[in-house]
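Colleague: Here it is, the structure in full.
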Amino acid sequence: MSKVYTSPKGTAVYPRIDTPDTKFDEDGLFSCKLHVSEGDFKAFEAQINKEVEAAYKAECSSQGKDKVRRAASTPIRITDDGDYEIFAKQKAKVHTKSKGTLEFSVACYDSTGNKIETPKIGSGSTLKSAVEVNTWFVPSQGFGYTLRLRAVQVIDLVEYGGGASAGNFGFGAEEDGFVGEGESFNETFKANDEAQASNAPF
């Protein structure tokens, strides 16, 4: 299993977590953009860069070169509006030769670490994401990487479709109250090695 990194807490921007987006990919794509603070952004970027740079050196070595072209865009970036953004995604379906079509979802946990059924997570929700680094090399684009979205933790929920967070209704945290039931956040989730090892820039 690849190393899983936990992002800092951030504000979700047009997340697609409970249902995949099929507008540009009929197989569907789960995704989550988080806008985080500058300090958290730099600390997380430094973590990810260690693995990315090791993979870059390995790619250069495999091609017998000192350096290879790098892809123009990265999933950890500063937007045109100056927001510090972490972007992760995961295909809903992956087609393989040996095992046919494999289906994936994004695990969801509540603020206490219990695994829950994924709610309608909308923009403005406060989340953390669990991601894996996927590096790739395509001659036409160069060396790059994506972040595979494995799970999210919902700290403050803003539901799409007219919903709102508890705070919008004046609800605050209460001791000894109800929390979502389910499996512990510490539960180990397994990736399908064949699908997750695909060396494609998705």
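Colleague: Which of the following residues is modelled with pLDDT under 95, hydrophobic (A, V, I, L, M, F, W, C) and closer than 20 Å to ARG150 by Cα: VAL52, VAL13, VAL36, VAL94? Can you show your working first?
Modeller: Numbers: VAL52 fails: modelled with pLDDT under 95; VAL13 fails: modelled with pLDDT under 95; VAL36 fails: modelled with pLDDT under 95.
The match here is VAL94.
Colleague: Quick one: would you say GLU59 is among the acidic types (Asp, Glu) and part of a strand (DSSP E or B)?
Modeller: Working: among the acidic types (Asp, Glu): yes; part of a strand (DSSP E or B): no.
Taking the combined requirement at face value, the residue does not satisfy it.
Colleague: Also: Consider GLU103 carefully, then state whether it is modelled with pLDDT of 95 or more and either farther than 22 Å from VAL13 by Cα or within 14 Å of the chain's Cα centre (by Cα) (or both). Full working, then the answer.
Modeller: On the way: modelled with pLDDT of 95 or more: no; either farther than 22 Å from VAL13 by Cα or within 14 Å of the chain's Cα centre (by Cα) (or both): yes.
No, not satisfied.
Colleague: Since ASP81 meets every condition but one in (1) farther than 24 Å from ASP25 by Cβ; (2) touching a residue at least 12 places away in the same chain (Cβ under 8 Å); (3) among the charged types (D, E, K, R), which condition does it not meet?
Modeller: Going through (1) farther than 24 Å from ASP25 by Cβ; (2) touching a residue at least 12 places away in the same chain (Cβ under 8 Å); (3) among the charged types (D, E, K, R) one by one, ASP81 breaks only (2).
Colleague: Considering only region 121-139, state which residues are polar (S, T, N, Q) and within 18 Å of HIS35 (Cα to Cα). Outline the logic, then answer.
Modeller: Restricting attention to region 121-139, the residues satisfying the condition of being polar (S, T, N, Q) are 123, 125-126, 129, 134-135.
Residues satisfying the conditions are SER123, SER125, THR126, SER129.
Colleague: Right, here's the next one. Evaluate region 47-70: report whether one residue or more is under 14 Å from the mean Cα position of the chain (by Cα), touching a residue at least 60 places away in the same chain (Cβ under 8 Å), open to solvent by less than 60 Å² (accessible area, probe 1.4 Å) and under 22 Å from ARG16 (Cα atoms).
Modeller: The initial filter retains those residues of region 47-70 that are under 14 Å from the mean Cα position of the chain (by Cα), namely 48.
Those still in the list that are touching a residue at least 60 places away in the same chain (Cβ under 8 Å) too: 48.
If we keep only those that are open to solvent by less than 60 Å² (accessible area, probe 1.4 Å) as well, we get 48.
Narrowing the set further to residues that are under 22 Å from ARG16 (Cα atoms) leaves none.
So far as region 47-70 goes, no, none of its residues is under 14 Å from the mean Cα position of the chain (by Cα), touching a residue at least 60 places away in the same chain (Cβ under 8 Å), open to solvent by less than 60 Å² (accessible area, probe 1.4 Å) and under 22 Å from ARG16 (Cα atoms).
Colleague: Now for a separate question. I need the full set of residues from region 23-43 which are at negative phi and either in contact (Cβ under 8 Å) with a residue 60 or more places away in the chain or within 13 Å of the chain's Cα centre (by Cα) (or both), in order please. Before you say what the answer is, go through the steps one by one.
Modeller: We begin by selecting, within region 23-43, every residue at negative phi; these are 23-27, 29-43.
The answer is ASP25, ASP27, LEU29, PHE30, SER31, CYS32, LYS33, LEU34, HIS35.
Colleague: Still on this model: Pull up region 13-46, narrow it to residues that are among the acidic types (Asp, Glu) and assigned to a helix (DSSP H, G or I), then point me to the one that is most open to solvent (accessible area, probe 1.4 Å). Walk me through how you get there before you give the answer.
Modeller: Step one: filter region 13-46 for residues among the acidic types (Asp, Glu), giving 18, 21, 25-27, 38, 40, 45.
Adding the requirement that they be assigned to a helix (DSSP H, G or I) leaves 38, 40, 45.
Details: GLU38: 85, ASP40: 68, GLU45: 58 Å².
Filtering region 13-46 for residues that are among the acidic types (Asp, Glu) and assigned to a helix (DSSP H, G or I), the one most open to solvent (accessible area, probe 1.4 Å) comes out as GLU38.
The values are calculated or read from the model by the stated rules, or taken from the named source; none is laboratory data. These numbers were taken from a predicted model, which means no experiment stands behind them. Because the Cβ atoms are built from the backbone with ideal geometry, glycine has one as well, and the counts that use them run over all protein chains shown. SASA here: full protein model, heavy atoms, side chains in, ligands and nucleic acids out. Shrake-Rupley method; radii C 1.70, N 1.55, O 1.52, S 1.80 Å.
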